[in-house]
1. Using a 10 Å cut-off around each Cβ, can you sort V221, V170, V158, V40 from fewest to most neighbouring Cβ atoms?
2. Apply the Karplus curve 6.51 cos²θ - 1.76 cosθ + 1.60, θ = phi - 60°, to the phi angles in segment 190-197 and return the couplings in whole Hz, x for Gly and Pro.
3. Which peptide among 231-242, 145-156 comes first, and what is the full order, when sorted by highest mean count of other Cβ atoms within 10 Å?
4. Taking H placed 1.01 Å from N in the peptide plane, check which residues at least 5 places from G163 or on another chain put their amide H under 5 Å from its amide H.
5. In this model, which of K166/K203; K89/K321; K89/K200; K53/K117; K44/K200; K89/K142 are farther than 30 Å apart at the alpha-carbon?
6. Could you calculate the contour length gain from K117 to T325, that is, 0.36 nm times the residue separation minus the distance between their Cα atoms, to one decimal place in nm?
7. With the crude spin-label approximation of a point 7 Å out along Cα→Cβ, what separation in nm comes out for E304 versus E192?
8. Based on other C-beta atoms within 10 Å, arrange I323, I102 from fewest to most.
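All of the numbers you see were taken from the coordinates with simple rules; none came from a lab. Computed from a predicted structure; not experimentally measured. Note: ideal-geometry Cβ built from the backbone for every residue, glycine included; neighbour counts use all protein chains shown.
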Amino acid sequence: MNTPRRETRSMHLQNVQKFSTPLRIPPSPFMKNLGYGTGVNVYKLERSPKCGKVLSPWAVKRISQRIRNNEHASLFNSRIHEEANILRKLSHPNIVGFRGIIKNSDGVETLALECCKTSLGTLLEDRNEDNEGPLPAKYTLKMINDITSALDYLHTEVKLLHGDLKSFNVLVKGDFEICKLCDFGVSLPMDENGLIDFTKNPKLRYVGTNLWSAPEIIDEVEVIDCKADIFSFGLIIYETISLVPPHTLFMGETSDQENSNSSNLADNSCAELEVSEICENACGTRPPLPQAFQLTDEYNIIMEIFYCCTNESAEDRPTAKTIWTMLQNDNVNDKENQTMQ
């Protein structure tokens, strides 16, 4: 009598099935809304404990319900899919971690990511509402250090242009313990020389956000490089001082003035259109700094970096590596001075 054969199922497979966490995403109403972007919403997914171990929450991104029902659904869905393809190849402490992607029965992609406390943009909005003044210099310097490290990795090792740098795409963990770059849905590949030639790659298109875009983007030049990201990064630094998006500092005052002068107009939309045009014409330029605050000496290096990053000519802007190295040298000098004292 032959000995009965055991089930052809390895212990390894049993262990994988026992301890793995399948990616199951509940409907949006059952999750906390962390934020939103163009055509997408981001939610906090609380994961159930596994084998007595508490699991950290994830952030999940999916196209908004409103977008799902119109002609742009496939575009935003493809961006989420492309972002997943990019993130799964990236490995850097200052870039948000990829956790997985799943497609539901309707074909909607949901991207699971490392969850951070909040975004820099949200923090700045809160400071502005509470009239707290510019972000403390130590936090801005920490953000500059972390994000330039991420950008240097993208620009030199990965040959990737982020393409949509702004404060809302900088995530903050804890009390500025670490800052991480996110949202790679419209990132663009650079060639071996660090260039993007739109004439050779007609399918590529810079999407970004106009308020943060470099002059060469606004002018639609045929060849760009990583310095387009650097200009946008300079405007993130600007946001930490002004607490508002670039080119919008005086929009409230302008809007009030236009409305007060338009009492004879049948439709105030003319005034709103003019304000919009003023803002649009300012895109691609260095925005004026607010006059209300007096910045202390600890902001000097921050302002120096801001001015260098927002030079009109791309050639006159520093690389991310240059900025990061300058900060390291400045930290060393500060420590030496403290030791001498």
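1. Working: V221 13, V170 27, V158 17, V40 20.
Fewest-to-most ranking of V221, V170, V158, V40: V221, V158, V40, V170.
2. Result, ordered by residue: 9, 7, 4, 8, x, 10, 10, 9 Hz.
3. Numbers: 231-242: 24.5, 145-156: 22.2.
So the peptides 231-242, 145-156, ranked by packing, come out 231-242, 145-156.
4. Those qualifying (amide H under 5 Å, at least 5 residues apart or on another chain) number zero.
5. K44/K200
6. Details: separation 208, 0.36 × 208 = 74.88 nm, distance 2.76 nm.
Answer, rounded to one decimal: 72.1 nm.
7. 3.7 nm
8. Numbers: I323 25, I102 16.
Ordered from fewest to most neighbouring Cβ atoms within 10 Å, I323, I102 come out as I102, I323.
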